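The values are calculated or read from the model by the stated rules, or taken from the named source; none is laboratory data. Quantities reported herein were computed from a predicted structural model and do not represent experimental measurements. Cβ coordinates were reconstructed from backbone atoms using ideal geometry, including for glycine residues, and neighbour counts include every protein chain displayed. Accessible surface is based on the protein model in full, side chains and every heavy atom, while ligands, DNA and RNA are left aside. Shrake-Rupley method; radii C 1.70, N 1.55, O 1.52, S 1.80 Å.
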Amino acid sequence: MKYQLLLLVLVAAGVKGNSISVSSEYIAEGGAFVVTCTYTATNDVTETKIKWKKDDVDFTAAQNANVKMFAANKESKYEVMKAGKDDIGKYSCIIEQTISGSVTTQPTLTTNTVYVRGMMAMSAVPSEDYKTAVLKCSFFGDKIDSIEWTSPAYAVITSDTTHSIAATSYTDHVSESVLTLKSLESSSNFGTYTCKASWTTNPYSVTQMPHLSRQHSTSASTKIHTLFIVILVILLVVVLAALAFVVYKYYKKR
């Protein structure tokens, strides 16, 4: 009984001060961050092992390759040098310590969600009749707080009789903004637009520049023109064939 009580005291001493921290919870795409798992241990702790997880899933071999153990400082660090969308999530470390030959697993330590902020696909697609167009911009990370669209003439766009900006959607850490142009009659509708996404927490912004090209406006007329040429060539071939047949019959009679 006395031995068991002593073991409990040692275990309790071993977990005191255990913690997990991240260098930053908001990182720009391509930036770096470090998750640190810190533990304490008495002289009776003969071995400490750290197991890492992301979103409750064990680290892959590639992720474990970026884990470094610093026994002298009683720390284990997971380092990401070039963060991307796949690095978004909650990181956990599980501390296993051996005391007097018995392995004790400490409670799991978990960070808040680490968000990496960046840009995804953008598009500018006209309708088939080329009377309207839909422009989309998407960004990953935590949900953006505001989006600002500007026209090729650098004017800020708001929803009105010629423009419609849908409410920003947010799914699987991706925010998407959609701008609909209700009319393409004016040449000023063509060109490069900008959509600027901004976050207020740990302020940050990023801009995409979808381009709406005029070349699509000639696609229908180009198809008609091509069809006209094909028909003309066919008629010309038929006429030449008929003429050749008439000439052949004429000379045959002679």
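Could you check the range 179-209 and list, in sequence order, the residues that are open to solvent by 50 Å² or more (accessible area, probe 1.4 Å) and either over 18 Å from the mean Cα position of the chain (by Cα) or among the aliphatic types (A, V, I, L, M) (or both)?
Passing the criteria: Lys182, Glu185, Ser186, Ser187, Ser188, Thr192, Thr200, Thr201, Asn202, Pro203, Met209.
Would you pick out the residues in the range 150-178 that are open to solvent by less than 70 Å² (accessible area, probe 1.4 Å), more than 19 Å from the chain's Cα centre (by Cα) and among the hydrophobic types (A, V, I, L, M, F, W, C)?
Ala155, Ile157, Ile165, Ala166
Name every residue in the range 130-149 that is part of a loop (DSSP other than H, G, I, E, B), in contact with a Lys or Arg (Cβ under 8 Å, 6 or more places away or on another chain) and surrounded by fewer than 18 Cβ atoms within 10 Å (Cβ to Cβ), in order of residue number.
Thr132
Kindly list, by first and then second residue, each pair from a residue in the range 25-48 that is on the phi > 0 side of the Ramachandran plot to a residue that is part of a loop (DSSP other than H, G, I, E, B), limited to pairs with Cβ atoms under 9 Å and residues at least 6 apart or on different chains.
Gly30/Lys82; Gly30/Ala83; Gly30/Gly84
Which strands (runs of 3 or more DSSP E) sit wholly inside the range 62-129 and have at least 2 residues that are open to solvent by 70 Å² or more (accessible area, probe 1.4 Å)?
Once the strands (runs of 3 or more DSSP E) in the range 62-129 are filtered for at least 2 residues that are open to solvent by 70 Å² or more (accessible area, probe 1.4 Å), what remains is 67-70, 102-105, 115-126.
Condition test on Ala41, is it open to solvent by less than 40 Å² (accessible area, probe 1.4 Å) and at pLDDT below 95? Can you show your working first?
On the way: open to solvent by less than 40 Å² (accessible area, probe 1.4 Å): yes; at pLDDT below 95: yes.
For Ala41, the condition - open to solvent by less than 40 Å² (accessible area, probe 1.4 Å) and at pLDDT below 95 - is met.
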